[in-house]
Each structure stands twice: as structure tokens, then as C-alpha cells.
1. What's the magnitude of the charge dipole for the range 171-222 around its Cα centre, counting Lys and Arg as +1 and Asp and Glu as -1 at the beta-carbon? Answer in Debye, nearest 20.
2. Of all the accessible heavy-atom surface of the range 130-192, with the other protein chains kept in place and a 1.4 Å probe, what percent is carbon and sulfur?
3. Using only the alpha-carbon atoms, how far is helix 321-334 inclined from the longest principal axis of the chain? Give it as 0 to 90 degrees, nearest 10.
4. List the GluC sites (Glu not before Pro) within the range 55-146 that DSSP assigns to loop and that have no more than 15 neighbouring Cβ atoms inside 10 Å.
5. In nm, to one decimal, how far is the modelled label at R184 from the one at S141, with both set 7 Å along Cα→Cβ?
6. First select every other residue whose beta carbon is under 15 angstrom from the beta carbon of A272; then total the charges, Lys and Arg +1, Asp and Glu -1.
7. Under a crude label model (7 Å from the Cα following the beta-carbon direction), how far is C151 from H16 in nanometres?
8. Please state the relative contact order of the range 93-171 as a whole percent: Cα pairs under 8 Å, 6+ residues apart?
Amino acid sequence: MSNPVSLTRFLIEQQHAGHISADLRLLIEVVARSCKRISIAVGKGALGGVLGDAGTGNVQGEAQKKLDVISNEILLEANEWGGHLAACASEEMDHPVPVPNAYPKGNYLLLFDPLDGSSNIDVNVSVGTIFSVLRCPDGVSGADDAHFLQCGATQVAAGYAIYGPSTELVLTVGNGSHAFTMDREIGGFLLTRKDIQVPRATAEFAINMSNQRHWDTPMQRYIDELLAGKDGPRGKNFNMRWIASMVADVHRIMNRGGIFIYPWDRKDPSKAGKLRLMYEANPMAMLIEQAGGAATDGRRRILDIQPEALHQRIPVFLGSAEEVEVATAYHLEAD
Ligand code: AHG
Ligand code: MN
Ligand code: MN
Ligand code: MN
């Protein structure tokens, strides 16, 4: 690459343009450094002793993989080394880790899914890390769940790392979504896609079809009409992909369009679908909207939803704007 732009240089330019503060720039660098360490751990596979179950469970009722726990520790350690810039909340922790009293209260709250796609770790399929940054209200320590319950539209930054054949970091600080690829020789991230634009229309959907009998009627009808293809009401054939790592399915959509859906299902009606609002749906919704896409819970814009609990789940319809609008209309018309 001629004259590559490093993540550091990109962030300094964003700071000089007034889009981010010095603290937010440093926090994003700290998270990116963690993603490099996680990428190296993931890349070791069986040789690194990182595969398989940790023998513990998390607040979600999930069996934790060793890499869930390792990735969580890497992110917490980096925040500590970086001077405790933020209080941290995580998929793998019941409650947040506040900024210690010895440190100035950071201006930010950091939320993360340290390893997304855990079911794919042991079969060597792409996994990732998802993160979201909120402002820390004045005088708040970030020690309580309630401090984090801010709607997604107030995020000041969001991103994910995908640990695939190459490691990429996709980031937004509120003016576009941009992709950086990790240069393994220098260990840094270099800008490889600026201002990503998600195609407005698509003929590709991502959903776990094995749950079909558990969906509500509008959801059944929407998918049936996709599957009917060009002879059906949609008038075109659709392709399907489902990787079961949200990061990988969303990354494909960021690159070629599509719609990703994890709907409500009656397997466990008390859970509004499987995905978590604060550290999966919200950051991905910000990234996709910044790339011209859309994200709803089947009725409402995800970024407008007022969170009620730190580990709250939410149905997710996310991707190419026109297709998300079509899919959302099925539920709105049924109401
Ligand atoms: P996590 O590994 O962080 O718990 O997230 C897994 C999520 C998401 O990455 C993916 O889209 C979804 O679970 C897959 O769910 P199914 O296994 O039910 O298809
Ligand atoms: Mn996840
Ligand atoms: Mn996870
Ligand atoms: Mn999990």
C-alpha cells in the first residue's frame, strides 16, 4: 500500500477535526491493542490451549469458552494498563468494573462482547470482538448497571474486530464506518476501506432457519415470501447465509449488503430473541447506519430504544436499508 494510513494517524486526524477527544482516541487505541492480542490468541488455536470450555457459566446462562474468559481478561487488562480510562461492562460479567478511586473518573463507559461467535471457536470459523463507547455522565462512577443504560443513539464510538483469514477492525466515531486491516508484520491496523457504503437493496438474507417453527406469524410470512423467489410476491430469488458469528454475518453485509435477522421466538418468550442490546445490537446498529444501512427490532429503530437492563436481549433486523424496511413492515402491518 502506498502511503498507508494507520489507525493511530486516522484517530489523530479525527481528534484534530474535533470529532473525538484525546481520551476517546486513547480508549479506542487501547481496545484495538486488545483486539491484536485476542487475534494472536485465537490464531494459536489448539496450540495455544485456548479451545474448549472454561467450565464456567456467564450471566446469560451460557457455558463460557476458554476464549470468552481470556478475551474478557485481555480487554480489562488493557483498560487497566491504559490508565482505567473507562468503567467496563461485558457479556461475560454480571456487573460493570468501575474506575478505581485512585484514578480520575474517565469520561467514558466501555461495553464489549469480548468474543462473539463462541460456538465457532472450536471449529476454526471466524469469530470477533464487539465494543461500544458511551459518555460517562458527570459524577457517575460507572459502578452500577444503571449508569450504562443509555440508548444506542448516544454512543460516541462503536466497532468490531473480526478474526478471520485476516484480522480487520471496523470502526465508527460518528462520521462514517471505516475498516482497518491488521498488518501482522508491524502489528498495527492500516486503513483499508474508508466510508463503507452498504448497498440499499439485497437478495441475500441471514437467519437461523432451524428456529422457523418458533417465530411469530409476520416473521414466518416474511421468510416464506423470500423463499418463494422470483415466482413469489418479492419477484426475485434470494440467497441465504448463516455463519452464527454475528460479527462475520454483519461484516459480509458491510461488504456486499444483505439482511441479518435474529427475531423473537417462542422457544423462550421471556427472551426477546438471543442478541444483547447493549454490546451486540447497539454497536452493530451504529456501524450499519453510519454505512447507510438500517437496524430495527422489527418495529423500532434499535438506536432509539431506551435500555432497561444491562444484559437485555432484543430482536435484530439489520443491513441493507430497503430490505430492513420491507422486513420491518411485516410486523408493523400485523400490529
Ligand atoms: P456470543 O458468542 O457472543 O454469545 O454470540 C453468539 C450470537 C451471535 O454471534 C450469533 O449471530 C448468534 O449467537 C448465533 O445464534 P445461533 O447459534 O442460535 O444460530
Ligand atoms: Mn455475541
Ligand atoms: Mn460473546
Ligand atoms: Mn456468549
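1. My answer is approximately 180 debye.
2. 52
3. Between helix and principal axis, roughly 60 degrees.
4. On the way: sites: E62, E73, E77, E80, E91, E92; in loops: E62, E91, E92.
Passing sites in the range 55-146 are E62.
5. The answer from the label model is 4.4 nm.
6. Cβ neighbours under 15 Å give a net charge of +2.
7. 3.6
8. Values: 127 pairs, mean separation 23.7, N = 79.
Relative CO of the range 93-171 lands at 30 percent.
The values are calculated or read from the model by the stated rules, or taken from the named source; none is laboratory data. Keep in mind that this is a model prediction, so the values were computed, not measured. Every residue, glycine among them, receives a Cβ derived from its backbone with ideal geometry; neighbour counts consider all protein chains shown. Areas reflect the complete protein model, heavy atoms only, side chains present, ligands, DNA and RNA absent. Shrake-Rupley method; radii C 1.70, N 1.55, O 1.52, S 1.80 Å.
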